[in-house]
Amino acid sequence: MKFSELATFFEKLEETSSRLSLIDILSDLFKKTDKDEIDKIIYLLQGRIAPFFAPVEMGMADKTIADAIARAFDETREDVLKQYSRMGDIGLVAQQLSNKQQATSNNISVEGVFEILRKIADTKGAGTVEKRIVFLSDLLRKVDPVSAKHLVRVPLGKTRLGIGDPTVLDGLALAILGDRSKRKKLEKAYNETSDLGLIGLTLLKDGLEKVQKLTVTVGRPIRSELCERLPNPVKVFEKMSFGYAQDKVGTQGVHATPKYDGFRVQIHKDGDRVRMFSRNLEDMSHMFPELIEATLKQVKAKTVILDTEALAYQPESEEFLPFQETTKRRRKHDIDEVAKTLPLKAFVFDILYVDGKSLIDTPLKERVKILEKVLQTGDTLLPAPGRILTDPKDLQIMLDDSISKGLEGVVVKKIDSLYEAGGRNFNWVKLKRHSAGELHDTIDCVILGYIFGKGKRTAFGAGALLVGVYDKDQDEFVTVSKIGTGLTDVEWRSIKQKTKGAELAHKPARVNSLITPSVWVRPEIVIEVLADEITRSPLHTAGKAEIKDQRSKIKDPNESGYALRFPRLVNFRDKDKKAEDATTVEELIKMFNQQGKQ
Ligand code: ATP
């Protein structure tokens, strides 16, 4: 396929504000795609030249891109930057200048563009910046204006297509399997390999059967298993311990571990190479040298995948630090220095692969035994102390004990459960501390827009935030609240900072809202929100399509969505969560149904 043809698809995808038409456009695109280029096209759709987890960086910031545009179209860097700051989108600047120049040739293929983008990423050593500018400016001269617009956004990591992974899978299912509901058949491979390009390539080359055989490999992150919520230990036993009844203590028991409030790190060891991935599948290997060293020292198996929670630890006071401190380790600069002042420990709670064998279909109790053998004693990788409990009273004691140590609570797991990559169900449940009157748990919301306010806040350009949660089935974001009060001026400023460049003139395709904010914001930034209560509200779209709600007094539950009462910002979660990792509608409804039941 010619790159110009791909760019017209990008154009259509960018313009649509409906998710269903996103799927149709993707399906048309995939039908026209050659077997050999499907993976590249899928990565480009995601604004990448490799899967998300591969640490491939193009290493070109605004100014270098401006240099390349200036050189391609005989402008000065200053002029390009001036236009950029006026238009707010470097793609539009490239398009406009390319228009003026009336670029000649327009025959370069997707493959050809991809190869040059790879060269840009692979360039190293002396003169790198200059070489990258030359590659990109040469390329810009070879493409038409619409292609130029989409092309320059790739090295900047700012493609504006806003397509979620499930929507790409829907597009593939519709194009190749004839029906988007067949996405389900692709999901296992997606959860176990996290590589949409690989799935597309396998599907086109070898067919569905081969896709369904794709599985865990060292080096490709597995999508993490997550927790459900239950209100108290008795409910946990009723739901999770086979054979348990109120009058008879469980025959089987549950597996309980402390819940550490750090961040998830999946450690992959392949001989003497160690890589680490975050919960949102980012490669974080370079950030935590002490964990690499410890893995090489403490893990005796040749190949291994460990599931862990990493936490900053203050050696002097022997204290585990709160999440806000730990998160300072997620940085790209001064790594060695910060590693000394904020050393990490990783609590290892699961093992998913050992010596060439996937363990995700091995029951938890056996995985735990294998982990005990594989993990040697040491200072940095510590086994999460798991216990099999057969009485809710013991679980309550463990919960209280964890909280008194400053931990978040406990995570309880079904002892014979398999590892369900990407799953959130009652195989794993979190029990947390809660304070009277408040929900048990915070809600992770995605910023969807600003509503301009009056008075001094207008100085920062916002009065309230429109926020939403994620509807996993529909792969779209639905509104749940407006957050205004309780945000400090500093927080407003940092919200503005973080959403800079994500403002949109029209509603993003994957947002479903009855409220039209003053400015839409592309769903990218996750914030952690605490609220007093979840209520029903006809103004919000979260859960509007659900009929699961039993407690509602509203005659037709379809009429009303779910909303947050007295919401307030607790934290930014943009470093460890993608928009699709926000709280889901399903979770929200479960939390609604659990209210008042503690
Ligand atoms: P929260 O916002 O409460 O941290 P979350 O949305 O990040 O939760 P949950 O599914 O609610 O994710 O909780 C699971 C998370 O808890 C895991 O992703 C992991 O990072 C963390 N965790 C801490 N200790 C454990 C443990 N012992 N076993 C499993 N996960 C643990």
Exercise for the section: Look at Leu352 and say whether it is touching a residue at least 24 places away in the same chain (Cβ under 8 Å), crowded, with 18+ Cβ neighbours inside 10 Å, over 25 Å from the mean Cα position of the chain (by Cα) and within 13 Å of the ligand (Cβ to nearest atom). Expected result: no
Exercise for the section: Just need a number here: residues in segment 90-114 that are open to solvent by 10 Å² or more (accessible area, probe 1.4 Å) and among the hydrophobic types (A, V, I, L, M, F, W, C). Expected result: 4
Practice task
Scan segment 301-317 residue by residue and report those that are modelled with pLDDT of 90 or more and of a type in the set (Gly, Ala, Ser).
Solution key: Ala301, Ala310
Fill in the blank from the handout: Of the candidates Glu187, Glu225, Glu192, the one satisfying the condition of being closer than 25 Å to Met284 by Cα and within 16 Å of the ligand (Cβ to nearest atom) is Glu225
Exercise for the section: Select from segment 469-496 the residues that are within 24 Å of Val585 (Cβ to Cβ) and open to solvent by less than 10 Å² (accessible area, probe 1.4 Å) and list them in ascending order. Expected result: Val469, Tyr470, Asp475, Phe477, Val478, Thr479, Val480, Ser481, Ile483, Ile495
Fill in the blank from the handout: Residue pairs within 8 Å by beta carbon, gap of at least six or interchain, first lying in segment 327-338 and under 15 Å from Glu290 (Cβ atoms), second charged (D, E, K, R), listed first then second, are Arg330/Lys575; Arg330/Asp576; Val338/Lys328; Val338/Arg329; Val338/Arg331
Fill in the blank from the handout: In segment 115-153, anything within 30 Å of the chain's Cα centre (by Cα), among the aliphatic types (A, V, I, L, M) and open to solvent by less than 10 Å² (accessible area, probe 1.4 Å) is listed as Leu117, Ile120, Leu136, Ala148, Leu151, Val152
Practice task
Working carefully through the options Ile397, Ile388, find the one that is in contact with a His (Cβ under 8 Å, 6 or more places away or on another chain), hydrophobic (A, V, I, L, M, F, W, C) and away from the ligand (no atom under 13 Å from the Cβ).
Solution key: Ile388
Problem - Filtered residue count, segment 68-98, keeping only those that are in contact (Cβ under 8 Å) with a residue 40 or more places away in the chain, touching a Leu at 6+ places or on another chain (Cβ under 9 Å) and of a type in the set (Asp, Glu) - result: 0
Practice task
Might you let me know whether segment 16-33 holds any residue that is touching a residue at least 24 places away in the same chain (Cβ under 8 Å), under 12 Å from Glu111 (Cα atoms) and surrounded by 19 or more Cβ atoms within 10 Å (Cβ to Cβ)?
Solution key: yes
Problem - Among (1) more than 13 Å from the ligand (Cβ to nearest atom); (2) not in a loop (DSSP other than H, G, I, E, B), the one test that Gln252 misses - result: (2)
Practice task
Considering only segment 200-227, state which residues are among the acidic types (Asp, Glu) and either crowded, with 18+ Cβ neighbours inside 10 Å or at pLDDT below 95 (or both).
Solution key: Glu225
Exercise for the section: Please indicate, with yes or no, whether at least one residue in segment 405-416 is assigned by TED's automatic domain parsing to the domain that holds Gly561, modelled with pLDDT of 90 or more and of a type outside the set (Asp, Glu). Expected result: no
Practice task
Please verify whether segment 174-184 includes one or more residues that are assigned to a helix (DSSP H, G or I) and either open to solvent by less than 10 Å² (accessible area, probe 1.4 Å) or touching a Gly at 6+ places or on another chain (Cβ under 7 Å) (or both).
Solution key: no
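Residues checked against (1) open to solvent by 30 Å² or more (accessible area, probe 1.4 Å); (2) under 22 Å from the mean Cα position of the chain (by Cα):
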{"site": "Gly271", "(1), (2)": "no, no"}
{"site": "Arg279", "(1), (2)": "yes, yes"}
{"site": "Asp283", "(1), (2)": "no, yes"}
{"site": "Phe288", "(1), (2)": "no, yes"}
{"site": "Ala294", "(1), (2)": "no, no"}
{"site": "Ala301", "(1), (2)": "no, no"}
{"site": "Leu306", "(1), (2)": "no, yes"}
Exercise for the section: Answer yes if at least one residue in segment 187-194 is surrounded by 20 or more Cβ atoms within 10 Å (Cβ to Cβ) and more than 30 Å from Thr16 (Cβ to Cβ), and no otherwise. Expected result: yes
Fill in the blank from the handout: Checked segment 228-238 for anything surrounded by fewer than 22 Cβ atoms within 10 Å (Cβ to Cβ) and within 16 Å of the ligand (Cβ to nearest atom); matches are Glu228, Arg229, Pro231
Practice task
Report whether or not Asp441 is modelled with pLDDT under 80 and of a type in the set (Asp, Glu).
Solution key: yes
Practice task
Using the structure shown, decide if Tyr260 is within 16 Å of the ligand (Cβ to nearest atom) and buried (at least 18 other Cβ atoms within 10 Å of the Cβ).
Solution key: yes
Practice task
Go over the candidates Asp576, Asp532, Asp549, Asp581 one by one and state the one that is charged (D, E, K, R), within 15 Å of the ligand (Cβ to nearest atom) and at pLDDT below 85.
Solution key: Asp576
Problem - Hits in segment 69-89 - residues which are open to solvent by less than 90 Å² (accessible area, probe 1.4 Å) and touching a Ser or Thr at 6+ places or on another chain (Cβ under 7 Å) - result: Ala70, Ala72, Phe73
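Please tell me if Gly406 is on the phi > 0 side of the Ramachandran plot and away from the ligand (no atom under 13 Å from the Cβ).
Working: on the phi > 0 side of the Ramachandran plot: yes; away from the ligand (no atom under 13 Å from the Cβ): yes.
Taking the combined requirement at face value, the residue satisfies it.
May I ask you to list the residues in segment 326-344 that are in a helix (DSSP H, G or I) and within 15 Å of the ligand (Cβ to nearest atom)? Before the answer, list the steps.
Start the filter on segment 326-344 by keeping residues that are in a helix (DSSP H, G or I), which leaves 326-329, 335-341.
If the condition is that a residue be in a helix (DSSP H, G or I) and within 15 Å of the ligand (Cβ to nearest atom), then Thr326, Thr327, Arg329 are the ones that fit.
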Completion exercise
Scanning segment 513-540 for residues that are without any contact (Cβ under 8 Å) to a residue 60 or more places away in the chain and outside any loop (DSSP other than H, G, I, E, B), the one least open to solvent (accessible area, probe 1.4 Å) turns out to be Ser537
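The values are calculated or read from the model by the stated rules, or taken from the named source; none is laboratory data. Here the structure is a predicted model, which means the values were calculated and not measured. For neighbour counting, all protein chains shown are included, and Cβ atoms are generated from backbone atoms with ideal geometry for every residue, glycine included. The protein model used for the area step is the full one, side chains on, heavy atoms only, and it has no ligands, DNA or RNA in it. Shrake-Rupley method; radii C 1.70, N 1.55, O 1.52, S 1.80 Å.
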